[in-house]
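Scroll down for the structure; my scribbles are underneath it.
The values are calculated or read from the model by the stated rules, or taken from the named source; none is laboratory data. Worth saying up front: this structure is predicted, and the values here are computed from it rather than measured. Cβ placement follows ideal geometry from the backbone for every residue including glycine, while neighbour counts extend to all protein chains displayed.
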Amino acid sequence: MGLLSASDEAVLKQHLAAVDSRVSLLLFTQTIGGSESGPVAKQVLDEIASLNDKIDVVEKNFVLDTDDRAKYGIEREPAIVVLRNGEDTRMRFLGAPTGYEFVPLVEAVLLAGTGNLELDPATVQRLAAVDKPTDIKVFSTPT
Amino acid sequence: MAFSNANITATSVEATEFMDLSRRYRVTGVPKTIVNETIEILGALPEEQFVDAALPTVDNPSPS
């Protein structure tokens, strides 16, 4: 049984129809001794990917794929990295993207898939001035 | 923000799953934002104020 109801799936599919670039969701999980939420994360991503052919899920082994972990700076699992046409968008998710993390994940997929920033043009102009590595973590909860 | 500038990386963290991180960054409420391990922003802010708080070294040409 899916995590999304049929009606939610229909609405989501409509939103995701705007995706016109290839979006890859890299999912880092640990099969043996890993977090219990890994399979949940996979189910969420698979359901999103099933709604648009341009979205795919690429599974990475948290233990074995050390080069990719280093490349994307992944230190925990499950972790999701959002790519646009194979390029890192620098948008990451730690933990199963359910609850309050689900909408931001969908928004990240839409951003990666359309390139349409929702930010105010003045904000984009200010962000262009950021010239040093900047790490932003946002903590949220499932409910 | 991360999408608009290659210097920015943004990670959404499920706080209850990573209690060690929540403790390390003293997450007592959500959303809580941590920038470069030092700046802490509790709660959701309007876009302009969020940039002011998160990136204090970036000039705001029209501070409100």
Handout entry: Residues being in contact with a Leu (Cβ under 6 Å, 6 or more places away or on another chain) and either at pLDDT below 95 or surrounded by fewer than 16 Cβ atoms within 10 Å (Cβ to Cβ) (or both) - total across the stretch A:76-96
Key = 0
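Being surrounded by 14 or more Cβ atoms within 10 Å (Cβ to Cβ), facing chain B (nearest Cβ under 10 Å) and under 15 Å from the mean Cα position of the chain (by Cα) is the requirement here; does A:Gly73 meet it?
Answer is yes for this residue.
Quick one: how many residues across the stretch B:1-56 are of a type in the set (Lys, Arg) and under 23 Å from A:Pro121 (Cα atoms)? If you could, list the steps in order and put the result at the bottom.
First pass over the stretch B:1-56, keeping only residues of a type in the set (Lys, Arg): B:23-24, B:26, B:32.
In the following step, the residues that additionally are under 23 Å from A:Pro121 (Cα atoms) were identified as none.
Adding up the residues that qualify gives 0.
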Exercise for the section: Go through the residues of the stretch B:38-50 one by one and say whether even a single one is touching a residue at least 12 places away in the same chain (Cβ under 8 Å), touching a strand residue (DSSP E or B) at 6+ places or on another chain (Cβ under 7 Å) and at the interface with another protein chain (Cβ under 7 Å from one of its Cβ atoms). Expected result: no
Practice task
Check whether at least one residue in the stretch B:14-29 is more than 7 Å from every other protein chain (Cβ to nearest Cβ) and either touching a Gly at 6+ places or on another chain (Cβ under 8 Å) or at positive phi (or both), and report yes or no.
Solution key: yes
Practice task
Restrict the check to the stretch A:126-142 and report whether at least one residue is more than 8 Å from chain B (Cβ to nearest Cβ) and either under 16 Å from B:Met1 (Cβ atoms) or touching a residue at least 40 places away in the same chain (Cβ under 8 Å) (or both).
Solution key: no
Problem - Close pairs from the stretch A:29-50: first under 9 Å from A:Pro78 (Cα atoms), partner of a type in the set (D, E, K, R) and in a loop (DSSP other than H, G, I, E, B), Cβ under 8 Å, at least 6 apart - result: A:Thr29/A:Glu77; A:Gln30/A:Glu77; A:Gly34/A:Glu77; A:Ser35/A:Glu77; A:Ser35/B:Glu17; A:Ser37/B:Glu17; A:Gly38/A:Glu77
Handout entry: Tally, over the stretch B:15-37, of residues that are surrounded by 14 or more Cβ atoms within 10 Å (Cβ to Cβ) and either outside any helix (DSSP H, G or I) or in contact (Cβ under 8 Å) with a residue 24 or more places away in the chain (or both)
Key = 12
Problem - Unmet criterion (only one of (1) in contact with an Asp or Glu (Cβ under 9 Å, 6 or more places away or on another chain); (2) modelled with pLDDT of 95 or more) for A:Leu105 - result: (1)
